[in-house]
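**Q** The structure that follows is given in the form of structure tokens.
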Amino acid sequence: MIHDKLAFAAASVQVHRVRGGRPSAFIAAALSLAGTLAALPADAATPALFLEQSLIAGASDTVKAARVPVRNSAGAIKYYDIEVKFELNASGVPILAAFSPQIGLSPTLTVGTFKAGNYKSSSGSVYSVTGPAPTSGGRTIWSIMLTQSSCSTCYLSGSWTTGAITGHPLQAMLQEQGITSTVYSWGMVTTNISGTLYLCSGDDAVGVAQVGNQLILNGYCHHTASPTGVVTLNLCTSANPC
């Protein structure tokens, strides 16, 4: 609305100059109006929430929406976690449970230093790394997949989750293996590529770290407490293409 009025004032000045050729009181008034309008605050944004952009999951009698983007009247976006719990009334009809819904600001994401993109190994194989995908507790999930290799039967795929071991989705497995390192983000990778994380299966821990443009995967294969193999990948850039 304000922008429209500014445009009208400017157009009025131009038209009057074309018609009259000389500045007038009308032009002065129009310029004064334009200056006043420019000093006014910008149009307020319409508050809205965007559930379709959140992570929604349901279990039993509870629905959770993680990181729901909410736009306030100033146009700023904040993220909220919303939990809605249901119960059944005497007739067996679902109703909202007491103290439901529960709404709170989402925790700050622990993205770490990971970088999405294509990476290459020393042998020239190319891997795609995607993320971050937000999950509970402010953690993020990253995924990796072998996309180009001279070995037609080779494969490597997996994912990892940022954050401390305590409360980590793999906490029980990490503790069972005796892993206590706080250096890595932890996940699981499956591969058959000899000389790297060879024969790491879907229930073996892999510690992942990013150092500059290098992505390092340390395999704790065969349920060991120490690394059994490592993969070092380099981010593909214009100076270092895949």
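Taken together, the values in this text are just the output of simple stated rules run on the coordinates, not laboratory data. Quick caveat, the model's predicted, so the values are computed rather than measured. With ideal geometry, Cβ positions are generated from the backbone for all residues, glycine too; neighbour counts draw on all protein chains shown.
**Q** Which part of segment 59-73 falls in the paramagnetic zone of Leu49, meaning amide N under 12 Å from the point 7 Å along Cα-to-beta-carbon?
**A** So the set is 64-71.
**Q** Right, another one. With charges set only on the Cβ (+1 for Lys and Arg, -1 for Asp and Glu), what does the dipole of segment 75-188 come to about its Cα centre, in debye to the nearest 20?
**A** On the way: 5 positive and 4 negative charges, 75 e Å.
Once rounded to the nearest 20, the dipole reads 360 debye.
**Q** Let me ask something else about it. For Arg139, which sequence-distant residues (separation of 5 or more, or a different chain) have an amide H within less than 5 Å of its own amide H, given hydrogens modelled in the peptide plane?
**A** The answer is Thr110.
**Q** Something else: Just add up the charged neighbours of Trp160: K/R +1, D/E -1, any other residue whose Cβ is under 13 Å from the Cβ of Trp160.
**A** Values: positive: Arg139; negative: Asp204.
So the surrounding residues net to 0.
**Q** Gain in length, Asn234 to Ala172, computed as 0.36 nm per residue apart minus the alpha-carbon separation, to one decimal in nm?
**A** On the way: separation 62, 0.36 × 62 = 22.32 nm, distance 3.12 nm.
Separation in residues times 0.36 nm, less the Cα-Cα distance, equals 19.2 nm.
**Q** What spacing in nm lies between the two simple spin-label points modelled at Cys154 and Val93, each 7 Å away from Cα in the Cβ direction?
**A** For the pair Cys154/Val93, the computed spacing is 6.3 nm.
**Q** If one puts a single equal scatterer on every Cα of segment 117-235 and applies the Debye formula without solvent, what log₁₀ I(q)/I(0) results at q = 0.18 Å⁻¹?
**A** Debye curve over Cα of segment 117-235, log10 I(q)/I(0) at q = 0.18 Å⁻¹: -0.89.
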